[in-house]
1. Springs between alpha-carbon atoms under 10 Å, Gaussian network over the chain: tell me which of 245, 261, 99 tops the mean-square fluctuations.
2. Over the chain, with a Gaussian network built from C-alpha contacts below 10 Å, which listed residue (142, 257, 212) shows the highest mean-square fluctuation?
3. Taking amide H positions as placed in the peptide plane 1.01 Å from N, state which residues far from residue 49 in sequence (5 or more) or on other chains have amide H under 5 Å from it.
4. Can you list the HN-Hα couplings for segment 264-269, worked out from phi with the Karplus curve (6.51, -1.76, 1.60; θ = phi - 60°), rounded to whole Hz and with x for Gly and Pro?
5. Which of the lysines could a cross-linker span from residue 31 if the Cα-Cα distance has to be under 23 Å and same-chain partners fewer than 8 positions apart are dropped?
6. GNM on the chain, C-alpha springs below 10 Å: top fluctuator among 169, 28, 291?
7. Amide H neighbours of residue 210 under 5 Å, at least 5 residues apart or on other chains, H built in the peptide plane: list them.
8. To the nearest whole percent, what portion of all C-alpha pairs in the chain is separated by more than 32 angstrom?
Amino acid sequence: MAIPDFQSLMLPLLRIAADGHEHALRDVTEKLSQQFNLTEEERQTLLPSGRQTTIANRVGWSRTFMLKAQLLESTRRGYFRITQRGHDLLTQNPERIDITVLKQYPEFVEFRNSRSSDVSDSEPASLEKTEATPEESLEFAYQRLRNELADELLRTIVSCTPAFFERLVVDLLVAMGYGGSRQDAGRAIGRSGDDGIDGIIKEDRLGLDIIYLQAKRWQGVVGRPEIQKFAGALQGNRARKGVFITTSSFTREADEYVSRIDSKIILIDGRQLAQLMIDHDVGVSTQQTFVLKRIDADYFSEE
């Protein structure tokens, strides 16, 4: 089954805590994963940032919201237990516990009001109407903006001249740590004639190995014949490594071909090209930065 949203986890979590014992968040996460029959793949599913599993994030936020409503109390870092208020709620045999239910408690209302006033006069989307945790909403919004930027980048690149595209490729590879100096890399591109290779660039600053380049500012897909031509050019130059970059995409046959040959050829399509440019600040600039912070437990340790 699908990973339950954080509000759907509230009642099952509170029922686990109903025994009155202290519970570790990680143990409760495992119990809830078993209770909802999550597959191993679902248990390992990560947030877009890749820093935390989705189920752990949702269980964590479910606990946090019930702590704010004082249905649970924190006993120490990562541990909690049920309160008398939590027991009282369970005796009412609720069919579901969610934010609407939590709003009956003044401590939770105060928490929500202070949170709203800190962020804005009105929240852009009410959490009562979403299955995403606040952290998930932030990450998904970031990913959406990033994808929109990637689309805009790709449209801009396609409208540029082939010569500019070659310089762009050099700038990206240098930003990624290849090519030695920018001057060296700039001289390398476009020097190899019309034999299926657009440029040569150093793999590292010492030039211990050479990477051959092919850069295609195309609209249509790149098929196996183009990749075979590039592979043949590598063999003709006794080269072992190559990078084929295009603004479009590659056919499945092209992908399968490079996985079977001896030469190491990396295929970078338009989508990946745009993402790499964003990662390495090529053709983009930072507009605004948000830093997500958490408690530093080591700082507060008195041992």
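1. 261
2. Ranking 142, 257, 212 by mean-square fluctuation puts 257 first.
3. For residue 49, no residues qualify.
4. Values per residue, Gly and Pro as x: 8, 10, 9, 9, 10, 8 Hz.
5. Straight-distance partners of residue 31: 68.
6. Of 169, 28, 291, the Gaussian network model singles out 291 as fluctuating most.
7. Here 203 satisfy the definition.
8. Every Cα pair in the chain considered, those over 32 Å come to 49 percent.
The values are calculated or read from the model by the stated rules, or taken from the named source; none is laboratory data. It should be emphasised that the depicted structure is a prediction, and the values quoted were computed from it without experimental measurement. Every residue, glycine as well, gets a Cβ built from its backbone with ideal geometry; the counts of neighbours run over all protein chains shown. Heads up: the accessible areas ignore ligands, DNA and RNA and are worked out on the full protein's heavy atoms, side chains in. Shrake-Rupley method; radii C 1.70, N 1.55, O 1.52, S 1.80 Å.
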